[in-house]
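As structure tokens, the structure follows; a few thoughts come after it.
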Amino acid sequence: MSRLTLVSFDIDGTLEVGEPPGIVTIALVKIAKGLGYVIGSCSDRTLSYQQDMWETLRIAPDFTVLKHRLDDVKARFAATAYYHVGDTDTDERFALAAGFRFLKADAEAHRAWSTELFGC
């Protein structure tokens with residue numbers, strides 16, 4: 001049985017390249033990709049913006065979706081664990097509604113989940 005882990009990242013306020021910048025570094029995203037996790041973005045940003053961002057970062061995401069379509073990501077990938085990293089109550093609401101575990105992108109929470117999920 002596959003032990004696939006999926007991690008969805010909000011952009012603004014979450015990733016260091018967001019506006020405003022968030023706490024999640026691109027190095028951490030690359031660690032997730034290197035661990036074989038299915039990764040991508042789920043944001044209010046347009047799909048073309050998200051795709052351009054990943055191309056600029058030279059990371060091939062497995063998905064890019066609008067925030068309210070997180071349930072489509074779950075339907076597309078049969079993972080054993082689903083996580084969405086975000087910084088707002090809206091992120092949390094959509095994540096929980098889609099059956100994802102929500103990981104708060106703030107300094108205190110980040111220390112706990114980055115070790116659990118990424119070993120760093």
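What the table below lists for this structure:
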read-out	value
222 nm mean residue ellipticity, helices alone, for the chain (DSSP H n ≥ 4; -39,500 (n - 2.57); rounded to 500)	-11500 deg cm²/dmol
Qualifying trypsin sites (Lys or Arg not before Pro) in the stretch 13-70, DSSP loop, other Cβ atoms within 10 Å at most 15	Arg58
Contact order relative to length of the stretch 6-54, as percent, for alpha carbon pairs under 8 angstrom and 6 or more apart	36 percent
The stretch 48-110, accessible surface, carbon-and-sulfur percent (1.4 angstrom probe)	48 percent
Relative contact order, percent, the chain [alpha-carbon distance under 8 Å, six or more residues apart]	27 percent
Surface accessible to a 1.4 Å probe, His68 within the full protein complex, Å²	100 Å²
Cut-off under 5 Å, modelled amide H: who pairs with Val85 long-range	Ser8, Phe9, Asp10, Leu103
Cleavage-rule hits, chymotrypsin sites (Phe, Trp or Tyr not before Pro), the stretch 46-120, DSSP coil, Cβ neighbours within 10 Å at most 16	Phe77
For P(r) over Cα pairs in 5 Å bins from 0, in percent, calculated from these coordinates, the label among (1) 2, 12, 25, 27, 22, 10, 1, 0; (2) 2, 12, 21, 22, 17, 13, 8, 4, 1, 0, 0; (3) 2, 13, 22, 18, 13, 11, 9, 7, 4, 1, 0	(1)
Pairwise FRET efficiency - Leu96 versus Glu55, Cβ, R0 = 41 Å, nearest 0.05	0.85
For the stretch 14-57: rounded, prolate or oblate by the Cα gyration tensor [a/c cutoff 1.5]	oblate
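The values are calculated or read from the model by the stated rules, or taken from the named source; none is laboratory data. From a predicted model like this one, the values you see are computed outputs, not experimental measurements. For neighbour counting, all protein chains shown are included, and Cβ atoms are generated from backbone atoms with ideal geometry for every residue, glycine included. Please note that ligands, DNA and RNA were not included when accessible areas were found on the heavy atoms of the full protein model with its side chains. Shrake-Rupley method; radii C 1.70, N 1.55, O 1.52, S 1.80 Å.
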